[in-house]
C-alpha cells in the first residue's frame, strides 16, 4: 500500500494520545474510526476532541468553519469488527503493558483487511516485543507521537527487524501528511529519541520528591529557574498523566529485573499512591498541581 491509498484510519484506544491522533488525522482529511472497549471513554474522547478543536481555532491552526466537517469524519465504536472493516492504517494507543497490547492485537488479527498497516504508539516498549501477536509482523511498526501532537509535531518512526521497508516508507508518508516531522530510527531503541532523554529527567525529578530531598514544587522551580522554561518536570508528568507514568515505571521495573529494583519500587509506590487518590494530572483536574490554573503558571512561582 502507498500513502495515497490510505483513506481510513482506525485508532485503538480513546485515551489522551488516541483521541489526539484520531482528531489530527480527521483534521488532515482522513476518515477516522475511534475504538475503545468503554463507551464512557469514547464519549470523553468526543468531548475532548471538540475542546481541542476550539483550542485550534483560538491559535489559528484551524478555521472554526472546519470544525463540523472534521467531526463528521470521526466515528466512535466499541465493536471490533466495525472498527477493523475499512481500516487502511491503524494507530494503537492501548495501555502500556505487553499483555494488554498482545491481547488487543490477537482480538483483531482475523478482522483486518489484508492491506491494513498496523502501528503502535507505545512510549517505552519495543515493537518486536509483541510483533508476532499482530499476526502480520511485516506490516507492523512503531509510530510514536508527542502531546499535543499539532504543537509538538515530531513523530518517531521505528520499525522492528521484520518490518517491510515499503511499510516504513508508507508510514513515513502518512506522518508527513498529518503535518508531523518524522524522526527515523535506524534500529529499535527504548524511548525513541526524545523520550530517551526525557524519561531519565522525569525519573530524577520523581526520585528527588519520593525521597524527600525537595518538594515537587521546588524541583520544578530549580528546573524552570535555571532553564527559563514555562514548565518543570513535575508539570510535565501532570501533562503526560500519572496513570501513564505509573504503568511505564512499573513496566520498566519488570523489564529490568533486579537492576535498580529498590529505587524503582519506591518510585512505583510513590506514583501509585497518587493514582489511587485520583491525582492523575491535568486529565483529572489535579496531580502535583491543581488545574486549570496550576501554581507554576503564576508570575511569582519562580520569581
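No lab work stands behind these numbers, since they all come straight from the coordinates. As the structure is a prediction and not an experimental result, all values here were calculated from the model. A quick note on method: Cβ atoms are made from the backbone with ideal geometry, for glycine too, and the neighbour counts reach across all protein chains shown.
Remark: relative contact order (the chain) = 13 percent; criterion is Cα-Cα distance under 8 angstrom and separation of 6 or more residues. First check a/c for the range 3-184, with a ≥ b ≥ c the square roots of the eigenvalues of its C-alpha gyration tensor; if it is under 1.5, answer rounded, and if not, answer prolate when a/b is larger than b/c or oblate otherwise. Here the range 3-184 falls in the prolate category. In the chain, helical runs assigned H by DSSP with n ≥ 4 each contribute -39500 (n - 2.57); averaged across all residues and rounded to the nearest 500, the mean residue ellipticity at 222 nm is -14000 deg cm²/dmol. Computed from Cα positions, the angle between helix 261-276 and the longest principal axis of the chain comes to roughly 80 degrees.
Suppose a student asked you for the relative contact order of the range 1-87, using Cα pairs under 8 Å spaced at least 6 residues apart; what percent would you report? Reported as a whole number, the value is 34 percent.
When only Cα pairs below 8 angstrom with a gap of at least 6 residues are kept, the range 194-291 shows a relative contact order of 26 percent.
Which parts of the range 100-135 would a label at residue 38 reach, counting a residue when its backbone N lies under 17 Å from a point 7 Å out along Cα-to-Cβ? The answer is 100-101, 104.
The antiparallel fraction among DSSP beta bridges confined to the range 3-184 stands at about 15%.
Ordering of 91-104, 3-16 by packing is 3-16, 91-104, highest average first (other Cβ atoms within 10 Å, averaged per residue).
Taking the C-alpha atoms only, the angle from helix 16-27 to the longest principal axis of the chain is near 50 degrees. Indicate the gyration tensor shape class of the range 160-221 (rounded, prolate or oblate), computed on the Cα atoms with a ≥ b ≥ c the square roots of the eigenvalues: a/c under 1.5 is rounded; otherwise a/b larger than b/c is prolate and the rest oblate. Taking the square roots of the gyration eigenvalues as a ≥ b ≥ c, the range 160-221 is prolate. Residue ranges 221-232, 19-30 sort as 19-30, 221-232 when ordered by packing (mean number of other C-beta atoms within 10 Å per residue, highest first). FRET efficiency for the pair residue 59 and residue 261, taken as 1/(1 + (r/R0)^6) with r the Cβ-Cβ distance and R0 = 51 Å, rounds to 0.70. Angle check, please: helix 216-227 long axis (alpha carbons) against the longest principal axis of the chain (alpha carbons), in degrees 0 to 90, nearest 10. Approximately 80 degrees, to the nearest 10.
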